[in-house]
Amino acid sequence: MSANDVLWESRRHNHVFAIHAYIEGMSTDLTRLTPDLRKAVSGELMSGERVLYAGMPDWRSEGGKLAVTFAFGFFWSMLAFPVAFFVWAEALGFRPAQAGQAMGQGLAIFFSIFMIPFVVIGAVLLAAPFIAAFRTSRTAHVVTDKRLLSVIRAKRTAVESIKVDVVKFLTRRDGRAGRGSLSIGYGIEQDSDGDTRALTLDWPGICDVKRAEAAIRSVAGWAR
């Protein structure tokens, strides 16, 4: 073996050692999860499967998007709700008919039905930020030596899982206090128009995002 080969091998071992040193102790991340989530994650692990990283997303990392959604929902509702209440009151006969202002029972019933989707959309937009915040408190993202898992603990536990050897690329966006987002690409598919698009598993607002990335790279086949 030449001196260059020895040097390259030494650097490779140092690099692998640095990665494993960087993620050392990540198995204790499970203790940082809520008891319900910890139980749900533990129940999904296979025999001998080792946890390298576990973290919960923070809804505040998506605060800007949630604020825009709520603001749009508020504006939409300010327009839709008064109109809906007006036509519903007219259709149910709660609004006293005044000369030249009553729209007629048939027309009132038609607009009452017509306005239902607009009211539902407004209600969903207003509720979406709070639902998202609640959902993050029930979600854990986990890296093991075999799989990547997203576990959502609700009335029925939902689990999204992919094998680490199908990971093709990682995109990291850093935030504040060590938090950030990972977009994990694991394949390509074609849409109905024949255009290709990447299949991704998105982990927004996770803690120690660099450690999560290092854990994935340490076990992904293309990163070895």
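Coordinate-derived values only; no laboratory data. These numbers come from a predicted model, not from an experiment. For neighbour counting, all protein chains shown are included, and Cβ atoms are generated from backbone atoms with ideal geometry for every residue, glycine included.
Just to be sure I follow: if Rg is taken over the C-alpha atoms of the stretch 146-224 and Rh is the Kirkwood radius over the same atoms, what is Rg/Rh?
Radius of gyration over Kirkwood radius for the stretch 146-224 works out to 1.01.
Could you please rank Ile131, Ile152, Ile216, placing first whichever residue has the fewest other Cβ atoms within 10 Å of its Cβ?
Ile131, Ile152, Ile216
Give me Lys155, Lys65 sorted ascending by neighbouring Cβ count inside 10 Å, so fewest comes first.
Listing Lys155, Lys65 from fewest to most nearby Cβ atoms yields Lys155, Lys65.
With r defined as the distance between the Cβ atoms of Leu199 and Ala132 and R0 fixed at 30 Å, what FRET efficiency is calculated, to the nearest 0.05?
Rounded to the nearest 0.05, the efficiency is 0.85.
Which order results if Arg156, Arg173 are arranged by neighbouring Cβ count within 10 Å, fewest first?
Arg156, Arg173
Let me see the P(r) profile for the stretch 119-191: every Cα-Cα distance counted, bins of 5 Å, each bin given as a percent of all pairs.
3, 11, 15, 19, 19, 17, 10, 4, 1, 0
Spin-label point model (7 Å from Cα, Cβ direction): what's the Glu49 to Asp145 distance in nm?
Label-label distance for Glu49 and Asp145, simple model: 1.4 nm.
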